[in-house]
1. Looking at E74, E104, E108, which is the one that is under 24 Å from T8 (Cβ atoms), without any contact (Cβ under 8 Å) to a residue 24 or more places away in the chain and of a type in the set (D, E, K, R)?
2. Of the conditions (1) in a helix (DSSP H, G or I); (2) under 18 Å from L6 (Cβ atoms), A100 satisfies every one except a single condition; which number is it?
3. Residue by residue through the stretch 137-151, note down the ones that are assigned to a strand (DSSP E or B) and either touching a Lys or Arg at 6+ places or on another chain (Cβ under 9 Å) or of a type in the set (A, V, I, L, M, F, W, C) (or both).
4. Considering Q13, Q49, which residue is surrounded by fewer than 16 Cβ atoms within 10 Å (Cβ to Cβ), touching an Asp or Glu at 6+ places or on another chain (Cβ under 6 Å) and of a type outside the set (K, R)?
5. Do we find that F40 is in contact (Cβ under 8 Å) with a residue 12 or more places away in the chain and open to solvent by 70 Å² or more (accessible area, probe 1.4 Å) in this structure?
6. For the stretch 117-136, enumerate the residues that are at pLDDT 95 or above, under 12 Å from the mean Cα position of the chain (by Cα) and part of a strand (DSSP E or B).
Amino acid sequence: MEQSMLGTKVITQIGIIVKDIEKVGASYAKFFGIQPPTWFWTDTREVAQTEYNGGPSEARSKLAFIDCGQLQVELIEPDEQPSTWREFLDTHGEGVHHIAFVIEGMKEKLEILNGSGMPLIQKGEYTGGRYAYVDTFSELKVLIELLENDK
């Protein structure tokens, strides 16, 4: 048995690209019998240090999180700026964009994945950590997101 590329096999989040975060959030609230999730904008490029396809990106999105036990559903409504979120919406429409894993050693994990033909697409910072989207679609049929939280 080979060792996990990420050091974990626990999926912590499913990210779903949507056109209308309030409408879809209300649908999930009704489905789960909960209050509609509150959404917020991601940070600006200056704070998030967002990079897309190797260059700086002004991309932002509205995010809402729904906790479902051990798994979190993330709703993402992208703005019009180039990003993995906007590209997905323009190409595929609404739907599952990624599955996410909490990892340690972001740089090392990205090197391992890149060496296996799974390149970095987009990365950035958030309060308390950083994220990276990796193009694993050809191998895994979904993108993965790495989340590294500060200790």
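1. Sole residue among the options that is under 24 Å from T8 (Cβ atoms), without any contact (Cβ under 8 Å) to a residue 24 or more places away in the chain and of a type in the set (D, E, K, R): E108.
2. (1)
3. Those that are assigned to a strand (DSSP E or B) and either touching a Lys or Arg at 6+ places or on another chain (Cβ under 9 Å) or of a type in the set (A, V, I, L, M, F, W, C) (or both): L143, I144, L146, L147, E148, N149.
4. None of the other options fit; the residue is Q49.
5. yes
6. I121, Q122, K123, G124, R130, Y131, A132, Y133, V134
The values are calculated or read from the model by the stated rules, or taken from the named source; none is laboratory data. Please read all numbers here as calculations on a predicted model, not as lab measurements. Positions of Cβ are backbone-derived with ideal geometry, glycine not excepted, and every protein chain shown enters the neighbour counts. Surface areas here come from the heavy atoms of the whole protein model, side chains and all, with no ligands, DNA or RNA. Shrake-Rupley method; radii C 1.70, N 1.55, O 1.52, S 1.80 Å.
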